[in-house]
Amino acid sequence: MDPMSSTDSTAESQSAGSVKPPASRGSAIALGVLALPALVGVLFGACALLAALFPGPSGEWAGLPVYIASCFAVPVGIIGLVVGGRLAKTPRGLRRFVLVASGVALALPLVAMLVLRAHR
């Protein structure tokens with residue numbers, strides 16, 4: 001058996017199928033940098049939602065954490081969705097993680113605002 005024939009058939013089978021472009025190192029670094037703020041945005045949004053769900057005895061200051069979380073999580077969510085959507089040559093798992101985390105970071109403060117309005 002010729003070792004060259006097995007490598008040639010492997011190369012032919014890879015070229016015949018759909019070959020994805022290799023991940024760009026710069027775009028992977030950009031998504032890696034966006035992953036941490038997206039997680040912090042999710043944390044801020046979750047805290048804001050908890051503050052809206054359990055406002056305390058008087059409830060007059062329950063809106064403050066929601067507005068603070070909105071000032072951070074909404075821009076981070078929008079930037080993460082835009083950048084994650086634009087960078088196609090990145091590792092698929094990292095891109096999916098950033099898109100999901102950015103979407104959740106964007107949605108949680110908005111849900112907390114709706115909860116606050118329902119309580120009042």
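The values are calculated or read from the model by the stated rules, or taken from the named source; none is laboratory data. Given the structure is predicted, the values throughout are model-derived calculations rather than measurements. Backbone-built Cβ (ideal geometry, glycine too); neighbour counts: all protein chains shown.
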Contact list, first residue from the stretch 48-62 and without any contact (Cβ under 8 Å) to a residue 60 or more places away in the chain, second anywhere and among the hydrophobic types (A, V, I, L, M, F, W, C) and buried (at least 18 other Cβ atoms within 10 Å of the Cβ), beta-carbon distance below 9 Å, six or more apart or interchain, is Leu50/Ala112; Phe54/Ala62; Gly56/Ala62; Trp61/Ala51; Ala62/Ala51; Ala62/Ala52; Ala62/Leu116
Somewhere in the stretch 16-24, is a residue assigned to a helix (DSSP H, G or I) and modelled with pLDDT under 85? yes
Within the stretch 73-86, is there a residue that is surrounded by fewer than 19 Cβ atoms within 10 Å (Cβ to Cβ) and assigned to a loop (DSSP other than H, G, I, E, B)? no
Does the stretch 89-100 contain any residue that is under 14 Å from Gly45 (Cβ atoms) and assigned to a helix (DSSP H, G or I)? yes
Tally time: how many residues in the stretch 29-76 are within 14 Å of Val115 (Cβ to Cβ) and of a type in the set (Phe, Trp, Tyr)? 2
Of the residues that sit in the stretch 92-109 and are touching a residue at least 24 places away in the same chain (Cβ under 8 Å) and more than 8 Å from the chain's Cα centre (by Cα), which one is nearest to Leu34 (Cα to Cα)? Leu94
Name the residue that is surrounded by the most Cβ atoms within 10 Å (Cβ to Cβ), counting only residues in the stretch 31-72 that are among the small types (Gly, Ala, Ser) and over 15 Å from Val104 (Cβ atoms). Ala52
